[in-house]
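S.K.: Below: one structure in structure tokens.
None of the figures in this text is laboratory data; all of them are computed from the coordinates on show. Small disclaimer: the values here were computed from a predicted structure and weren't measured. Cβ sites come from the backbone with ideal geometry, for glycine too, and all protein chains shown count toward neighbours.
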Amino acid sequence: MMFASTRGQCPPVPLETALLTGLAPDGGLYLPESLPVLDFGSLPDTDFPELAHRVLEPWLAGFMTSEQVGDLVTDAFTFPVPVVSLSEDLGILELFHGQTMSFKDFGGRTLGRLLGHLLADRGEDVTIVVATSGDTGSAVADGCSGIPGVRVVLLYPAGQVSPTQERQLIVRRDGVTALRVNGTFDDCQRLVKGAFGDSRLSGLGLTTANSINMGRLLPQMLYYLHAARQSEAPVTFCVPSGNLGNLTAGVLAARTGMPVRGFIAAHNRNAFFPEWLQDASRAFAPSVQTPSNAMDVGAPSNFERLQALLGRDGLTRLVTGVSVSDEDTLSSLGAVAAKYGYIPDPHTAVGLEAWRRVAPAGPVVVLSTAHPAKFPETVEPVIGHPLDVPPQLAALSGAPTSVTDIPADTDALADVMLSAR
Ligand SMILES: *Cc1c(COP(=O)(O)O)cnc(C)c1O
């Protein structure tokens, strides 16, 4: 399968190139030249790895054999993906049972294995440099640790991630260097961009792993299909959204043949996309901080891809956008806990509030993007008692850590990267 840029100003490339470069040379995002057609009715309805194998095979044709795809999915998807039913028409698709407890584990683990395969063929190494303010860094570090040929350098802003998130970032992992930057998330992103232009680092085979990478997007289709197969009727998916990667994956699944009633794009106060669905003249805005910090995005990186897939008319027909205030997020969290005895994390609470407001007919599946125990400082005051700590997080408290403090300075980053080789 070949991948073409959304801007159409450069030739289509094979998956290898899309994986290693992320962005196309004309500044666009990669999408498949033509979409594979899915025989939805023949997919297994409970066996997730088997479904993953069947769905990914045509996407990876020419890159991996069917047997290699089978090995990849059994190695990557070692955790359950349950749909928990809260009422007759409301299911919660729990995407947080992986090692770092957010849906980003699907992308992180798949990307690591795709890169590992690619590098084993070529006998090369790569260094993934990733700036993170939340869940991406730990998922990519965890998903890529120990994969031969793949090194990860992750940068995060000192004092601006939660204590649990920080422990997840700095726990010592093979092949991973964690850097705590004395600066903001924007500084971290600036340093990453600088590293790509730094000739001293050109020998390291730098690549990135942000949410526009196809290697992260492809596996995110799988859980939509998995949930849709378990429903008698077409589902409305409600997706807590920031960079819109998750929503894009759902739309991709729908375009290849998954029956769907619609999507709800559930945003926090960073409301660009819901506003744009109402009014095409809306522009990107600076991000604001909210209790659902992984969705604090003012300029969603996958917006261009969504537009290329469906166009404005298609998007306004298929997607309802909702923006939820911080107050309503917290009261939704408390109300759901009280009514259903189910404790959502703050991101999922945005989704549940959006679902309540839209109240679509027919079955609804709300994607639960993270485990509540990742955000105890937000969740516990609302529910009024401590959360149980799942084993993945409990294991962190005694584990050895490793982190290097650096100033927000390109030379400092280059020095550490060269000495950590
Ligand atoms: C990354 C993230 C999101 C937003 O997903 P996008 O694909 O960026 O829209 C939502 N919830 C959690 C917990 C996340 O980590």
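S.K.: Between residue 47 and residue 162, what is the spin-label point distance in nm, taking each point 7 Å from the Cα along the Cα→C-beta axis?
M.R.: Distance between the two pseudo-spin positions: 3.7 nm.
S.K.: Quick check: net charge around residue 179, other residues with Cβ under 12 Å of its Cβ, Lys/Arg +1 and Asp/Glu -1?
M.R.: In short, -3.
S.K.: Moving on. Considering amide H positions built from the backbone, and no H for Pro or chain starts, which residues 5 or more places from residue 2, or on another chain, come under 5 Å of its amide H?
M.R.: Under 5 Å from the amide H of residue 2 lie the amide H atoms of 33, 34, each far enough along the sequence or on another chain.
S.K.: Given R₀ = 25 Å, what would the calculated FRET efficiency be for residue 233 paired with residue 356, taking r from the Cβ atoms and rounding to 0.05?
M.R.: Efficiency at R0 = 25 Å is approximately 0.80.
S.K.: Related question: Suppose every Lys and Arg Cβ carries +1 and every Asp and Glu Cβ carries -1, with no other charges. What dipole size does region 262-421 come out with about its Cα centre, to the nearest 20 debye?
M.R.: Around 680 debye, computed over region 262-421.
S.K.: So how much slack lies between residue 199 and residue 65, counting 0.36 nm per residue of separation and subtracting their Cα-Cα distance, in nm?
M.R.: 44.6 nm
S.K.: Setting aside same-chain residues fewer than 8 positions from residue 339, which lysines have a Cα under 21 Å from its Cα?
M.R.: The qualifying lysines are none; the list is empty.
S.K.: Okay, moving on. Under 5 Å between amide H atoms, partner at least 5 residues away or on a different chain: which partners does residue 128 have, H built in plane at 1.01 Å?
M.R.: 151, 152, 153, 207
S.K.: Specify whether the C-alpha gyration tensor of the chain places it in the rounded, prolate or oblate class, a ≥ b ≥ c being the square roots of the eigenvalues: rounded for a/c under 1.5, otherwise prolate if a/b is larger than b/c and oblate if not.
M.R.: The shape class here is rounded.
S.K.: Further, regarding this structure: Give a residue-ordered list of calculated ³J(HN,Hα) values for region 321-331 (Karplus: 6.51 cos²θ - 1.76 cosθ + 1.60, θ = phi - 60°; whole Hz; x for Gly, Pro).
M.R.: Those phi angles translate into x, 9, 10, 10, 6, 4, 4, 5, 4, 5, 6 Hz.
S.K.: Still on this model: Give me the percent of DSSP beta bridges within the chain that run antiparallel, rounded to the nearest 5.
M.R.: 25 percent
S.K.: Can you list residues whose amide H is under 5 Å from residue 238's amide H, if they're 5+ apart or on another chain and H is modeled 1.01 Å from N?
M.R.: Those qualifying (amide H under 5 Å, at least 5 residues apart or on another chain) are 264, 365, 366, 367.
S.K.: Kindly provide the helix-only [θ] at 222 nm of the chain, computed as the sum of -39,500 (n - 2.57) over DSSP H runs of four or more divided by all residues, to the nearest 500 deg cm²/dmol?
M.R.: Computed mean residue ellipticity for the chain: -13000 deg cm²/dmol.
S.K.: Using the Karplus curve 6.51 cos²θ - 1.76 cosθ + 1.60 with θ = phi - 60°, what ³J(HN,Hα) values do you get for each residue of region 288-301, in whole Hz, with x for Gly and Pro?
M.R.: Whole-Hz 3J(HN,Hα) from phi for region 288-301: 10, 7, 9, x, 9, 5, 6, 10, 7, 10, x, 9, x, 5.
S.K.: Using the Karplus curve 6.51 cos²θ - 1.76 cosθ + 1.60 with θ = phi - 60°, work out ³J(HN,Hα) for each residue of region 381-395 in order, rounded to whole Hz, and write x for Gly and Pro.
M.R.: x, 6, 8, x, 8, x, 8, 5, 9, x, x, 4, 8, 4, 5
S.K.: A follow-up question, please. Would you look at the GNM of the chain, springs on alpha carbons closer than 10 Å, and say which of 409, 296, 142 moves the most?
M.R.: The residue that fluctuates most here is 409.
S.K.: For residue 374, which lysines qualify as cross-link partners when the Cα separation must be under 20 Å and same-chain residues fewer than eight apart are set aside?
M.R.: 104
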